[in-house]
Structure formats: C-alpha cells, structure tokens
Amino acid sequence: MIKILIIDDHQLFREGVKLILDFEETFEVVAEGNDGAQVIDLYEQHKPDVVLMDINMPEVNGVEATAKLIELNRDAKIIILSIHDDENYVSHALKSGALGYMLKEMDADTLIAAIKTVAGGGSYIHPKVTVNLVNEFRRLAEAEFTGNFQQIEVRRPLHLLTKRECEVLQMLADGKSNRGIGEGLYISEKTVKNHVSNILQKMNVNDRTQAVVTAIKNGWVELQ
C-alpha cells in the first residue's frame with residue numbers, strides 16, 4: 001500500500017482527491033490537513049509514503065512547509081499541487097525539495113501516475129509545466145550566450161511576478177492595506193495575503209516594506 005497525506009486548505013478539493021484515490025486499491029489516504037503548519041506533526045504520526053501539498057495556504061505555504069519537512073525528514077516524498085503553471089513557482093517548489101509538481105487541472109489518471117512515480121523514487125512534473133520550464137531555460141541560455149544575461153537578471157524580479165502580483169506590489173507601494181488591495185482588485189484579504197507572501201518569497205525579502213523599497217529603487221513601481 002502507498003500511504004498518502006493530503007495537505008490543502010480547500011475541503012472540497014481534498015474530498016475530491018480522496019474520492020479519486022479511494023478507487024485505487026494500492027492507495028490509502030492516512031491523514032488530511034488544511035495548512036502547511038500541520039504537515040510535520042501529521043507526517044510524524046502517520047509516516048506517509050507520499051505527501052500531496054497545496055502551494056497556496058493561509059499560514060504556511062506549500063513551499064515553506066516542504067522545505068521544513070525535508071529538513072527534518074530527508075526521505076519525505078512530496079508532490080506540490082498548484083493552479084500556477086509559471087516556471088518560477090515550479091522552480092521554488094523543486095528547490096524546496098519537492099519531487100513532483102502537478103496542476104490542479106490534472107485528470108485522475110495523471111494524479112495516480114504521479115503518485116506511483118514519486119512513491120517509487122522518481123519525479124513527476126505536469127507536462128504543461130515542463131514545456132514552460134524548457135522554454136525558460138532556453139531563453140536564459142540564449143541570453144547568456146548573446147551577452148545579455150546581466151540585463152535580464154536586472155529585470156528578473158518583475159519576470160518572477162505574475163500580472164496579479166505586480167498589481168499587488170504597486171498597491172503596496174501606494175500604501176494600501178490588505179483590505180484596500182482586496183477592495184481595489186475585488187479579491188479577498190486571504191487571497192491578498194497569499195499574493196504578498198508569494199511576492200516576498202520571489203523577491204527574497206523579509207517583509208512588505210523591504211519589497212516596496214526594493215521595487216522603488218529598481219523602478220518596478222510607479223510613484224503616485
């Protein structure tokens with residue numbers, strides 16, 4: 001039996017995944033959690049063979065939780081589940097120690113195949129994401145070859161951010177609160193917090209103030 005731990009803050013999604021996995025005779029869902037903060041305790045209690053980890057969660061996101069779990073349990077096998085096909089999300093996930101990266105739009109057969117592959121010691125990345133990774137690698141390789149690598153590195157932080165994250169960063173620079181950003185973009189405060197967390201991680205800064213200062217220095221936001 002392949003024992004599986006599911007960590008995702010959306011109960012309906014967890015239930016849907018569990019329903020799919022219950023049809024596979026060699027799978028057993030041994031535990032569930034709704035935030036990355038729970039993964040270490042649940043892992044120690046149930047010793048799963050594979051952890052399915054959501055990337056965006058309110059307290060501790062999937063990348064942070066994966067890094068912490070791998071630090072304590074080097075043999076932990078983790079598949080990140082995400083709605084993001086951006087190669088930078090994938091890069092952060094793999095650097096944290098994840099062995100798989102799956103988009104939530106996956107079908108049941110693909111999920112089952114991913115779990116079996118990772119449980120067996122392999123890695124599995126959603127095909128759509130693989131194409132993006134290859135294209136990014138080719139773009140960087142070409143830039144380095146033509147001598148423009150440093151110029152692209154200067155623009156890199158903005159390239160790291162999605163369009164929505166750029167909008168949130170601009171509103172942070174405008175002095176907006178999470179509530180103000182949410183109202184301006186018609187999204188929840190929880191979603192704003194997730195975006196801010198992703199921005200800090202991608203820009204490699206500790207807080208929103210540092211993010212804004214860095215953005216202003218590099219001309220990534222417009223001052224009102």
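Measure nothing fancy, just the Cα-based angle from helix 108-119's long axis to the longest principal axis of the chain, in degrees from 0 to 90, nearest 10.
80 degrees
Please compute the contact order of the chain in relative form: average sequence separation of alpha-carbon pairs under 8 Å and at least six residues apart, divided by the residue count, as a percent.
Relative contact order here is 13 percent.
Among 35, 109, 49, determine the one that fluctuates most according to a GNM of the chain built with springs between C-alpha atoms less than 10 Å apart.
109
Please work out the C-alpha center-to-center distance from segment 197-224 to segment 65-107 and express it in whole Å.
When both Cα centres are located, 24 Å separates them.
Which entries of 95/190; 163/217; 128/190; 104/128; 3/193 have Cα-Cα distances beyond 22 Å here?
95/190; 128/190; 3/193
Excluding residues on the same chain fewer than 8 positions from residue 176, give the aspartates and glutamates whose Cα lies under 16 Å from its Cα.
165, 167, 189, 207, 222
Using the heavy atoms of the protein chains and a 1.4 angstrom probe, tell me the accessible area per residue for the chain in square angstrom.
Per residue, the chain has an accessible area of 53 Å².
For residue 214 paired with residue 105, estimate the spin-label separation in nm (one decimal), with each label point 7 Å from Cα along the Cα-to-Cβ line.
Label at residue 214, label at residue 105, 2.9 nm between them.
Based on the Cβ-Cβ distance from residue 201 to residue 26, what FRET efficiency comes out when R0 is 30 Å, to the nearest 0.05?
0.25
For the residue pair residue 74 and residue 46, what label-to-label distance in nm results when each label sits 7 Å from Cα along the Cα-to-beta-carbon direction?
Output for this residue pair reads 2.6 nm.
What are the residues whose amide H is under 5 Å from the amide H of residue 33, where those residues sit 5 or more places off or on another chain and H is modelled from the backbone?
6, 7, 8
Can you list the HN-Hα couplings for segment 59-71, worked out from phi with the Karplus curve (6.51, -1.76, 1.60; θ = phi - 60°), rounded to whole Hz and with x for Gly and Pro?
9, 10, 6, x, 5, 4, 5, 5, 4, 5, 5, 5, 4
The values are calculated or read from the model by the stated rules, or taken from the named source; none is laboratory data. These numbers were taken from a predicted model, which means no experiment stands behind them. Heads up, the Cβs are rebuilt from the backbone with ideal geometry, glycines too, and the neighbour counts pull from every protein chain shown. All accessible areas refer to the heavy atoms of the entire protein, side chains included, with ligands and DNA or RNA removed. Shrake-Rupley method; radii C 1.70, N 1.55, O 1.52, S 1.80 Å.
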